[in-house]
Amino acid sequence: MSSFSQDERANTREEFSREIRQFTEINASFFRVAATRIGIAVTDMQVLDILDLIGPATAGQLADLTGLTTGAITRILDRLEKAGLVRRERDPNDGRKVIVRLERGKDEMSKVRSILDSVEKTWGEVASRYDDEQLAFLLEFLKYSNARSRKELAQLQQEAPAGEGEIFSAPLEGQESGRLVVSCGISRLTVRTDEEMAELYQARFEGPIPGVKAKDGVVNIRYPRRLLGLGEKQGQAVVALSVAIPWRIAIQGGAAEAVAELGGLNLAGLEVKGGFNTIRLDLPTPSSMVPIRLAGGASEITVHRPAGVAIRINFKGWASELAFDNQTFSVAGNVSQLQSPGFDPTAPCYDIEITSYANRVTITSG
């Protein structure tokens, strides 16, 4: 039974809480001062400290431990890699994963190491004040409090609106393929690739924020139906895809302008369906026969493929003018099928089906 009175216990608990909060604030201040001394951001210093503690980690793991989004972690790693403090490399056991390591041999890292060593020295001096039994108690307290704090941090991350103030993203880890489905109705949609990106995807939005879900490699971006058709008021969306896995892409519902810049992507299939003013597709070099489906209506459709890539066109729509490489067809409504010389469906190529109605359709290479 404690010899403390009820008031004394309450005061002790209150003082304990204040000291814990002060302890947390002092640690945060330490990182601010240390980061300033070596000329990096506070969050950058925090990531370096985590890598020093746990060793090599993925961007997703760093996001979980810092409470930051994977998009924010990517930008931090870009800065640290440029400064020569970390390096990113493919996991030798799983080529889809990117592992982050400290560059311990670099001169820049020696400055960081000296600061981290000073922290360890201070904690060593603190620990020397206590006997083994007391240290065992303190260790149990710290482990339990850290576990509870991580749980609370994870809960706060789940409750925060997705992408709030940041880029929408999801980790790439474990995914063998991806599928992007965009149900739009906006001013401009851009889908592009990012060879340096460590995530599955990243998305930025201007104007109303759509619903965004990512699960098992499937990314769904959907604007509310009541917003469709509002044109310029819808703003813009830019979606970047990882080039580490093959993708199927479906763009539905329409937009004033839809642009797909897919160089370097392993494209497994692409469908664009709905009403558009302009559709522009910049296709990558295929690794097999890739189906492309264009349906709905558009003022202008442009499809560009790399030089030497064969293509077959099944034209089931209508266009005032169809330009295919060096050929031009006026009032194209009766042209059923076209293909480039040497087309072989068993070799890497594109198979395009067009059921759209457009003023002009242009299909080029080079």
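The values are calculated or read from the model by the stated rules, or taken from the named source; none is laboratory data. Being a predicted model, the structure only gives us computed values, none of them experimental. Every residue, glycine among them, receives a Cβ derived from its backbone with ideal geometry; neighbour counts consider all protein chains shown.
Can you say whether Arg32 is touching a helix residue (DSSP H, G or I) at 6+ places or on another chain (Cβ under 9 Å), assigned by TED's automatic domain parsing to the domain that holds Leu77 and not aliphatic (A, V, I, L, M), as far as the supplied structure shows? In short, yes. If you check Pro341 against the conditions, is it at pLDDT below 90 and either touching a Gly at 6+ places or on another chain (Cβ under 8 Å) or outside any strand (DSSP E or B) (or both)? Yes; evaluated as a whole, the condition is true for this residue.
Checking each residue in the stretch 186-209 for being part of a loop (DSSP other than H, G, I, E, B) and crowded, with 24+ Cβ neighbours inside 10 Å picks out only Ala198.
The condition (being assigned by TED's automatic domain parsing to the domain that holds Ala258, over 21 Å from Ile249 (Cα atoms), touching a residue at least 24 places away in the same chain (Cβ under 8 Å) and outside any strand (DSSP E or B)) is satisfied by just one residue among Ala319, Ala323, Ala358, Ala347: Ala347. Can you list residue pairs whose Cβ atoms sit under 6 Å apart, with the first residue in the stretch 272-294 being over 23 Å from Asp194 (Cα atoms) and the second being crowded, with 21+ Cβ neighbours inside 10 Å and among the aliphatic types (A, V, I, L, M)? Count only pairs 6 or more apart in sequence or on different chains. Close Cβ pairs (under 6 Å, with a partner that is crowded, with 21+ Cβ neighbours inside 10 Å and among the aliphatic types (A, V, I, L, M)) amount to Phe276/Ala255; Phe276/Ala258; Phe276/Ala298; Leu294/Val272; Leu294/Ile354.
Of all residues in the stretch 122-173, exactly one satisfies the criterion of being at pLDDT below 80, over 21 Å from the mean Cα position of the chain (by Cα) and acidic (Asp, Glu), namely Glu152.
Name the residue that is surrounded by the most Cβ atoms within 10 Å (Cβ to Cβ), counting only residues in the stretch 215-237 that are modelled with pLDDT under 90 and aliphatic (A, V, I, L, M). Looking at the filtered set, the residue picked out is Ala237.
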